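Have a look at the structure below, then the notes.
Any read-out appearing in this document is the output of simple, stated calculations on the displayed coordinates, not a laboratory observation. Note that this is a predicted model, so its numbers are computed, not measured. Here the Cβ is made from the backbone with ideal geometry for all residues, glycine too, and neighbour counts use every protein chain on show.
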Amino acid sequence: MSPQVIVNGLLLGGLYAAVGVGFSLVWGVMNVINITHGSFLMLGAYVSYWLFRLYHVDPFLSLPAVMLLMFGLGYLLQRYIVNAVVKTGVFMTLIITYGMNLFFVNLALLLWKGDYRSVTPEYAGTGLQIGGLIIPYIRLVAAVLAVVLTLLLQLFLSRTRVGNAILATALNKNAAQLVGIPIGRIYAITYGIGAALAGAAGALMSAIYVITPFMGEPFIGKAFVVACLGGLGTATGAILGGVVLGLAETIGGAIVGPSYQEAISFIVLVLILIVRPEGIIGRRFFAEVK
Amino acid sequence: MDSTAARAKPLTVAIRTLRSSRWAQWGVVGGLLLAAAIFPLTYSGYWIRLLSGMFMYAALASSLNIMVGYTGYADFGNVVFFGVGAYTTAILMLKVGAPLPLAVLAGGALAALYAMLLGLPILRLRGHYFAIATIGVQEATRELVVNATSLTGGGAGLTLPIPDLTPQQFYRLIYYLMLGAMVLVVTVSGLIRRSRFGYGLRAIKADADAAEISGINTTWYKVAAWMTSAALSGIVGGIWAYWYSYIQPPDAFSGITGVKYFIMTLLGGAGTLVGPVVGAFVLELISETVWSRFITLHLGVLGTIIVLVVLFMPRGLVPMLREGFKPKAWWKEFQENWI
């Protein structure tokens, strides 16, 4: 096993953490399995692409703009669409988010066609060299920013009033309502945060992966895996889940061959689900309580 | 109540009659089946193909319903059994020269066996975790099929033996096979619904612990339900492989197909007998008409329709229509659900 494989796995894991954390938050707080997450990621990548293309904004500097836009979109979608069915249970919200995902993929396809696009800043292709190890700058910065965002979310949830309200709503929405928390708005904010984080993950990826209207779809599955591995609704869990998934994919790919990569990650998932259904460090109270 | 019934709209009257009279129900079902049976004698081409597809989705949605509707387990990866059935049929016909009926039944049997082996570990999981594990199983199985090149042809796929029939005869055959599959699945589903087994499954859905305490062997019930669902999906997959005559992993293990008939089940009403069939016909009809009119907007229009249906008919078409055509009550329900 070469150290390069481990490094690649860790870098990939950082990205996966960013992909999974918003998904996990939305799922943990509202019991919504958000398929539209893939679209938010894709839209975030496109926003980053157009900012780069038209105004030469560095993809990493475009993060705040991407996150703000995606937060707004997510907030509105939850407030005026998903909130209408969130009470009816996890199946219906799953389907409605699937429908919204189709809508956005089609919209992107109409607006920007199926062309493969990519963001290519000047430092693309350059990297750190330590001994025999190669660490591309883009992947390094993306992984670090992804982890930073995830930790910021943790701070937001534990230290701010709104964050505490989100946690309270996740624990018991009736009790939260009794103490005066407007859960409709809290839900919208939570979904907005989920969308913003997905958009950020997309922007981080815009310099690494090819941008197409369909780019979000494989990451819905990854987000699932990360959320389950780390436990729902916790940011540190998402980092752990992301790293475990990233390592499992790269190490497994190095041993058995890259064509088995997906199978390995899902076999790891199924094994972990069987041994520890609440995730590696997840606590049961998130989303398990109805 | 009776005075309002007299003034009720024709649609409400029709629904009420259908709900209360067993004779009316059997009459409608018999009439529709008869119409379906003689249909290919008068029409051919596009409509035969469209209806074959509808029967297929109705059969798949109904077999999924045994897990999702009766037992309450969200089997998102059910399409894996469809794929296993398709590949078993294709391989048996190609490599052994097995006749179609035998190959299709073997496909169903192998899918059931696969469900049993997977079910013993996976069905211990509850709720969302089971759902995700099934997606994992589907993805992993697809990758294994892609990599087992010598048996499955890998990414290049398999081409089945071309039947010695004219196209018209062939499509008629497929039509009747799919119609038969749909009738088979709905019959099995109906028999399960009324049996002790079916009541046990619904008890598990309502409360697994309570079911266990009342003496139901929940593990065996769940595994048996999954095996039944898998066998039926596998049979449909086998017929599909013969129909398309060329299969490859992305089509046989297609996530989109899986999600589509999951949505059909919920749209029609999970847990009801005819709901999945109704859902399949409605969604497939919408999908087809949208497809032919707005090719570039197909996904978006389909997505919008899904959103609207979920918003205004969250319990599914059949359960809501059973109470009569009551838009005002539905609107009220919609407002009450809003947070």
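The table below gives the values:
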| item | result |
| --- | --- |
| Residue mean of other protein chain beta carbons inside 10 Å, A:103-109 | 5 |
| Under 5 Å, built H, 5+ apart or other chain: amide partners of residue A:216 | A:42 |
| Proximal aspartates and glutamates relative to residue B:332, as straight alpha-carbon distance under 16 Å, when same-chain residues fewer than 8 apart are discounted | B:323 |
| Among A:13, A:89, A:28: highest mean-square fluctuation, GNM of chain A, C-alpha pairs under 10 Å | A:89 |
| Shielding score for A:253-266, defined as the mean number of other chain Cβ atoms within 10 Å | 3 |
| FRET efficiency, residue B:18 to residue B:256 (Cβ-Cβ, R0 45 Å, nearest 0.05) | 0.85 |
| Residues with amide H under 5 Å from that of residue B:325, placed H, sequence gap 5 or more | B:12 |
| Residue A:133 long-range amide H proximity, modeled H, under 5 Å | none |
| GNM top mover of A:237, A:14, A:184 - chain A, alpha-carbon springs below 10 Å | A:184 |
| Average Cα contact separation per residue, the stretch A:189-262, under 8 Å, 6 or more apart, as relative contact order % | 14 |
| Taking chain A and dividing mean pair separation by its residue count, relative contact order in percent (alpha carbons under 8 Å, at least six apart) | 39 |
| Links that overshoot a 30 Å alpha carbon limit, given the list B:95/B:260; A:222/B:260; A:222/B:205 | B:95/B:260 |
| Formal net charge of residues neighbouring residue A:83 (Cβ-Cβ distance under 13 Å; K, R +1; D, E -1) | +3 |
| Chain B, relative contact order [Cα under 8 Å, separation at least 6], % | 30 |
| Choice from B:255, B:97, B:85 showing the highest fluctuation, given a GNM over chain B with Cα pairs closer than 10 Å | B:97 |
| Shielding by partners, peptide B:35-45 (average Cβ within 10 angstrom, other chains) | 0 |
| Lysines whose Cα lies under 17 Å from that of residue A:173, excluding same-chain neighbours fewer than 8 positions away | A:87, A:290 |
| Per-residue Cβ neighbour rank within 10 angstrom, fewest leading, B:289, B:134, B:218 | B:289, B:218, B:134 |
| Cβ-based exposure ranking for B:81, A:60, in which fewest neighbours within 10 Å come first | A:60, B:81 |
| Distance in nm between pseudo-label sites at residue A:87 and residue B:46 (7 Å out along the Cβ direction from Cα) | 4.4 |
